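Since the structure comes first, as structure tokens, the remarks are kept for the end.
Each value in this text was obtained by applying a stated rule to the coordinates, not by laboratory testing. Just so you know, these numbers come straight off a predicted model, no measurement behind them. Note: ideal-geometry Cβ built from the backbone for every residue, glycine included; neighbour counts use all protein chains shown.
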């Protein structure tokens, strides 16, 4: 069976959502809230950021599907980490909401004909964005933060194994 680029994109989006959950479960609240270095995010902050970014992506997709060349909002979801208290959130509720949003995004994308993936909206800074580009952005965003979560998970597990803080250097957030 040969897959279209849309099917590959949908497969990647589905798998990333599952992988996110596997990277975040099984940690204490202290570990979930631990920031590896100043300016870097905790596992809980990564999860909440991905949830909020998914809501933004879904809004863009809905606008593009329902309107001809709509104006797309410019939402700085990175700023939410600083503006909101993600550390006090319940991780399971965050992951559940992320999964619900991702299911809505995926269902919307699955419902589209291949030609509809070329529909576009107008972003104030990035210009024209097609549905395919929004889906690619979602995938790249997932991969970036999954890498970040894996790195932090590995660091926490190494510190558990050695009984304390690691002596290794901390890399900055990508």
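Say we look at the range 70-117 and pick out the residues that are touching a strand residue (DSSP E or B) at 6+ places or on another chain (Cβ under 7 Å) and surrounded by 11 or more Cβ atoms within 10 Å (Cβ to Cβ); which of these is nearest to residue 47 (Cα to Cα)?
Filtering the range 70-117 for residues that are touching a strand residue (DSSP E or B) at 6+ places or on another chain (Cβ under 7 Å) and surrounded by 11 or more Cβ atoms within 10 Å (Cβ to Cβ), the one nearest to residue 47 (Cα to Cα) comes out as 72.
Name the residues in the range 124-151 that are free of Cβ contacts under 8 Å to residues at least 24 places away in the same chain and crowded, with 18+ Cβ neighbours inside 10 Å, would you?
Correct list: 133 only.
Yes or no: the range 90-97 includes at least one residue that is part of a loop (DSSP other than H, G, I, E, B) and under 24 Å from residue 152 (Cα atoms).
Yes, the range 90-97 has at least one match.
Please state which of the following conditions residue 64 fails to meet, knowing it meets all the rest: (1) touching a helix residue (DSSP H, G or I) at 6+ places or on another chain (Cβ under 6 Å); (2) closer than 23 Å to residue 24 by Cβ.
Residue 64 satisfies every listed condition except (2).
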